[in-house]
1. Just for region 1-33: of the residues that are assigned to a loop (DSSP other than H, G, I, E, B) and of a type in the set (Gly, Ala, Ser), which one is surrounded by the most Cβ atoms within 10 Å (Cβ to Cβ)?
2. Kindly provide the set of residues from region 217-249 that are acidic (Asp, Glu), buried (at least 20 other Cβ atoms within 10 Å of the Cβ) and more than 18 Å from Lys262 (Cβ to Cβ), ordered by number.
3. For the list (1) out of contact with any strand residue (DSSP E or B) (no Cβ under 7 Å at 6 or more places or on another chain); (2) surrounded by 18 or more Cβ atoms within 10 Å (Cβ to Cβ); (3) more than 15 Å from Asp232 (Cβ to Cβ); (4) at pLDDT below 95, I need the number of the one condition that Tyr110 fails.
4. Would you mind finding the one in Ala65, Ala56, Ala45 that is surrounded by 14 or more Cβ atoms within 10 Å (Cβ to Cβ), modelled with pLDDT of 95 or more and of a type in the set (Gly, Ala, Ser)?
5. Could you list all residues from region 114-159 that are under 14 Å from the mean Cα position of the chain (by Cα), among the hydrophobic types (A, V, I, L, M, F, W, C) and part of a helix (DSSP H, G or I)?
6. Taking region 1-19 only, how many residues are free of Cβ contacts under 8 Å to residues at least 60 places away in the same chain and over 17 Å from Gly113 (Cα atoms)?
7. What number of residues within region 190-246 are touching a Cys at 6+ places or on another chain (Cβ under 7 Å), over 13 Å from His158 (Cβ atoms) and of a type in the set (Gly, Ala, Ser)?
8. So Asn259 fits all but one of (1) surrounded by 23 or more Cβ atoms within 10 Å (Cβ to Cβ); (2) under 21 Å from Ile128 (Cβ atoms); (3) touching a His at 6+ places or on another chain (Cβ under 8 Å); what number is the exception?
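The values are calculated or read from the model by the stated rules, or taken from the named source; none is laboratory data. These numbers were taken from a predicted model, which means no experiment stands behind them. In this analysis, Cβ positions are derived from the backbone assuming ideal geometry, glycine residues included, and neighbour counts consider all displayed protein chains.
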Amino acid sequence: MGGLGNQMFQYAAGRRLAHIRNTHLKIDLSWFDSITAIDTKRHYALNCFTINETFAAANDIKNLANRDKLTFQNIISKALKKLLESKGSHIKEKYFHFDPNILSLPYNIYLEGYWQSEKYFKDIKDLILDEFTVKTMPVDRNRELAEMITKDNAVSLHVRRGDFISNPAASKFHGTCSLDYYHSAIERIAARVDHPTFFVFSDDTAWVKDNLSISYPVTYINNNTDETAYEDMRLMSLCKHNIIANSSFSWWGAWLNRNTDKIVIAPSRWFNEESIDTRDLIPDGWIKL
């Protein structure tokens with residue numbers, strides 16, 4: 001469920017469990033048929049990657065997803081736990097921060113949640129990096145941009161607006177990063193990187209040009225569509241350093257960056273809703289501003 005970045009978190013968490021259990025991961029696409037008019041329109045987007053892609057059949061979903069939603073905190077006896085492991089169970093994410101119990105889940109599990117922490121899959125990082133490789137080579141403008149990025153001290157900068165502005169519910173819940181955040185992040189990068197060149201990614205490039213002043217070489221990237229958003233993510237990952245928005249999309253652009261000396265700057269406030277515990281969202285070593 002959700003956009004590309006959210007789908008990647010869900011796949012990565014499930015893939016890790018399947019990998020350590022030496023079993024299959026099946027992807028349930030039924031959520032995409034349930035989107036209402038008030039929701040942000042989404043589509044299944046992981047087929048751009050070299051993932052281990054198998055889809056759940058209707059019977060798979062019926063047998064597991066319709067069971068009572070359970071967490072390990074609900075399972076009060078070993079006998080009941082053993083019974084659930086044999087019959088299968090529906091595990092629903094109970095809070096936003098990392099839940100270590102998920103790492104030891106048994107076979108025959110239906111996972112429902114976002115699982116937005118690398119701690120759910122960090123121990124198979126190399127596998128996830130390989131599987132989140134785009135199947136096709138970049139062409140035309142994306143190839144030109146990739147060549148430019150690899151020649152420079154390139155810094156990706158992502159400004160997420162879109163439904164975070166236009167959708168009242170999304171705006172209230174998520175909010176957007178301030179201009180002060182971006183200015184501080186730019187100067188933090190410039191203080192540590194010689195001759196940085198900024199590559200700006202946004203779903204509202206015109207607004208960024210009018211409102212965010214960048215006194216360094218800058219290229220604005222707006223040639224890709226929703227259908228080819230993975231190309232933007234790939235370009236982000238090719239940059240040496242990253243300034244991300246409060247967005248799982250640019251989180252993954254930075255996480256997929258293989259530069260061992262990368263500087264990643266992330267907003268310290270991820271949601272407007274302050275009660276959500278985001279302590280496990282930003283990886284160790286990233287800078288929070």
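1. Narrowing region 1-33 to residues assigned to a loop (DSSP other than H, G, I, E, B): 1-3, 22-26, 28-29.
Subset that is of a type in the set (Gly, Ala, Ser): 2-3.
Values: Gly2: 15, Gly3: 19.
Once the filter is applied, the top-ranked residue is Gly3.
2. Looking only at region 217-249, we keep the residues that are acidic (Asp, Glu), and these are 226-227, 231-232.
The next check asks that each one be buried (at least 20 other Cβ atoms within 10 Å of the Cβ); those that pass are 231-232.
Listed by number, the list holds a single entry, Glu231.
3. Unmet for Tyr110, out of (1) out of contact with any strand residue (DSSP E or B) (no Cβ under 7 Å at 6 or more places or on another chain); (2) surrounded by 18 or more Cβ atoms within 10 Å (Cβ to Cβ); (3) more than 15 Å from Asp232 (Cβ to Cβ); (4) at pLDDT below 95: (1).
4. Numbers: Ala65 fails: modelled with pLDDT of 95 or more; Ala56 fails: modelled with pLDDT of 95 or more.
When all the criteria are applied, what remains is Ala45.
5. Within region 114-159, Ile128, Leu129 meet the criteria.
6. Matching residues across region 1-19 total 0.
7. Step one: list which residues in region 190-246 are touching a Cys at 6+ places or on another chain (Cβ under 7 Å), which gives 199, 230, 245-246.
Checking which are over 13 Å from His158 (Cβ atoms) leaves us with 230.
Okay, now just the ones that are also of a type in the set (Gly, Ala, Ser), so none.
So the answer is 0.
8. Here Asn259 clears every test but (1).
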